[in-house]
Each structure stands twice: as structure tokens, then as C-alpha cells.
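A.B. asks: What follows is a single structure, and I will ask about it in a moment.
The values are calculated or read from the model by the stated rules, or taken from the named source; none is laboratory data. Keep in mind that what you see is a predicted model, and the values were worked out from it rather than measured. We place every Cβ from the backbone using ideal geometry, glycine too, and count neighbours over all the protein chains shown.
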Amino acid sequence: MADAPTTQPFVRDDVRTLLDMMKAMNRPPVEEVGAVAGREGMRAMGQIGEVEPKELAVIRDVTCPGPDGDVPCRFYDSRESREAGPAVLFLHGGGFVIGDLDVYHSLCTEFAHRLDLPVLSVDYRLAPEAPFPAAPDDCEAAARWLASSPEALGREVTGLVISGDSAGGNLTIVTTNALRDAPAAVPVLVQAPIYPVADEAGKHESYRNFKEGYFLTGKTMAWFDAQYAPDPESPRNLPMHGDCSDAPPTVLCTAGLDPLRDSGRAYAASLVKNGTEVTYLEFPGIIHGFFTMRKAIPSGQADVETFIDAVGATLGRRK
């Protein structure tokens, strides 16, 4: 089977500009510089490539109890106080190795502002210092804490919206499934994974077509997996290895030039077959990671808004 598409894929102009610039910079990839430098690099890229955060009434750092000590989190709300209602749990991306609250700060303010809901962003433990299953353990603990309407947040939570991108998209599905199997104090109303890892990405055509030259590479993905060191057969690693039935209404998006694209497609299709309400959005001509590169890829802003609005519309049907 061919390693590259037989025809050139559609690439947006601003995406092409960014890819050309990154190629010219010739910076070493994370698998060469290691986790610590990779985390610094992701923060630096966010400072350059991401838009300014929205101004909100409430932005504060908090902690929630976790299985191995307190888990740092950041709480956002567009209102100083509000009546009882849903809250968003956001789980960041970065291959389970990089990424943090600051990298995803602007995006979380966008969610809080556009949905007009409180948002809790979770700084779960990262590999290789804390390999699998530390990340899903922390995310599940944070979800259960948020569902309990903790006094520290001053909000009565009536249901959860769980969202996150890439590795966080995987953790969105894994956490939602955990709360399906052992319910929390309130239900998951909507899950909203963003270009998630749901099954073995390397078996898909999108991996073969986009594993080189489109920001996220096959080598980087393999390195992330080696650091994370998961049980390859566990559904807490790849949720499609387990039961994906009885999922809540789902909003899922993929990027057209992403090696993970077809993993997201496959998961969405499996949900449809199981009778789950699914809104599937595939944004053409754009790369993995664009949700936190909206200054570098201005066209991605409209896609982010479309996704968040779809989450809001789906949540509205649950009320």
C-alpha cells in the first residue's frame, strides 16, 4: 500500500505558510530533545501561535484530590456566580507527555466564554515520570470531584461536559466510559473529543498519508507511546478495545491533514452503529493541534467556534 496520497491533499493557505515556516526553522522534534525540552517548546509555541485569552469573571488555580496526591487544576467562569447547571471538564493534549494548564489557557477561556459554562482544566500527571494509567486515573478523579459540586468551586453542578484534544480526546472517551461503568454524582451529558486517539492509529490510511510533513509525525507518535508505556490491550489506553456502547451524546471533530483523522472517524462510526447521537465535524485542509494555534492558523478560529457551538447545541437538547 502506498505511503503517500496519490493526489496532493487540500491544504489551507495559512496552514501551508505555517508548515513551510516550521520546515525552514528545522527545530529538532520532541523525540530528539526529550520530555522536559518538549514541554518548554510547546509552551513557547503556544505563546507565539495562540490567540490572547478571553477576559472572564473567574480564573483561579485550584486542586482536586487524586489517587497520588492533589491534582492541579484551573477553574474558569464567565460569571462570578451562577445557578445550578452543567460544567465542563477539559483534558489537555500533548501525547500524555507534554502540555499543561498554561498551553491550554486561551482555549479554556474560549470554552467558558462561548458556552457560558464553568470549566475545570486538569493538569494530570505526565509520562515518562508518571506512565499509564496515571493520566486516566487523575482525569477520572477530577471528573468525580467536579461532579460532586465541590465547595471550592462554589457551583452546584448538575451534569458534566467532558472535552479535550488529542491525548485529551482519548482521555475524554476513557473518562466518560469510566463514569458510564461506575456513575459519578451527576451524569455525563455530552462528551466532546477533539481529534482523539481511539484505536491503533497506525493501521489507518490517514496515518500513512500524513505521518510526515503535517506537524504531528509518526515518529513523534511512537515516541509519545513509548513514554506513556500503556497496556496495549487496555480499553483505558485505546477505548475501542473495549465496550463503546451506551455513550452519551457525542460531538467529535477531526482535522483533514491529521494522522489521527481516521481513528476519530472510526470511533464516531462505532458510536453511530451503537445508536449514540453523534455530531461529527471534519475540518478540511488543517493540521493536528490547530485548536491551540489560532494566531498561527487564523482560519482555525471559525472551526473552533463551530465545534464549541455544536457542543452547546447538543447540550441544549439534553436540558
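The rows are residues; the columns are (1) touching a residue at least 60 places away in the same chain (Cβ under 8 Å); (2) surrounded by 16 or more Cβ atoms within 10 Å (Cβ to Cβ).
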{"site": "42", "(1), (2)": "yes, yes"}
{"site": "46", "(1), (2)": "yes, yes"}
{"site": "52", "(1), (2)": "no, no"}
{"site": "59", "(1), (2)": "no, yes"}
{"site": "68", "(1), (2)": "yes, no"}
{"site": "76", "(1), (2)": "no, yes"}
{"site": "87", "(1), (2)": "yes, yes"}
{"site": "90", "(1), (2)": "yes, yes"}
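A.B. asks: Would you confirm whether or not segment 102-124 contains a residue that is under 19 Å from the mean Cα position of the chain (by Cα), under 30 Å from residue 157 (Cα atoms) and basic (Lys, Arg)?
C.D. replies: yes
A.B. asks: Being over 16 Å from the mean Cα position of the chain (by Cα) and modelled with pLDDT of 95 or more is true for just one of 259, 249, 239. Which residue is that?
C.D. replies: Going through 259, 249, 239 in turn, the sole match is 249.
A.B. asks: Given 96, 111, which one is part of a loop (DSSP other than H, G, I, E, B) and crowded, with 24+ Cβ neighbours inside 10 Å?
C.D. replies: From the options 96, 111, the qualifying one is 96.
A.B. asks: When you check residue 37 against the structure, is it assigned to a helix (DSSP H, G or I) and within 22 Å of residue 107 (Cα to Cα), yes or no?
C.D. replies: no
A.B. asks: Between 197, 161, which is among the aliphatic types (A, V, I, L, M) and either surrounded by fewer than 24 Cβ atoms within 10 Å (Cβ to Cβ) or in a loop (DSSP other than H, G, I, E, B) (or both)?
C.D. replies: Only one candidate passes the filter, namely 197.
A.B. asks: To continue, here is another question. Within the set of pairs 6 or more residues apart or between chains, which connect a residue that is closer than 21 Å to residue 60 by Cβ and at pLDDT below 95 inside segment 112-136 to a residue that is assigned to a helix (DSSP H, G or I) and of a type in the set (A, V, I, L, M) with Cβ atoms less than 8 Å apart?
C.D. replies: Close Cβ pairs satisfying both conditions: none exist.
A.B. asks: Further question: In the list 270, 263, which residue meets the criterion of being buried (at least 19 other Cβ atoms within 10 Å of the Cβ) and part of a helix (DSSP H, G or I)?
C.D. replies: Result of the check over 270, 263: 263.
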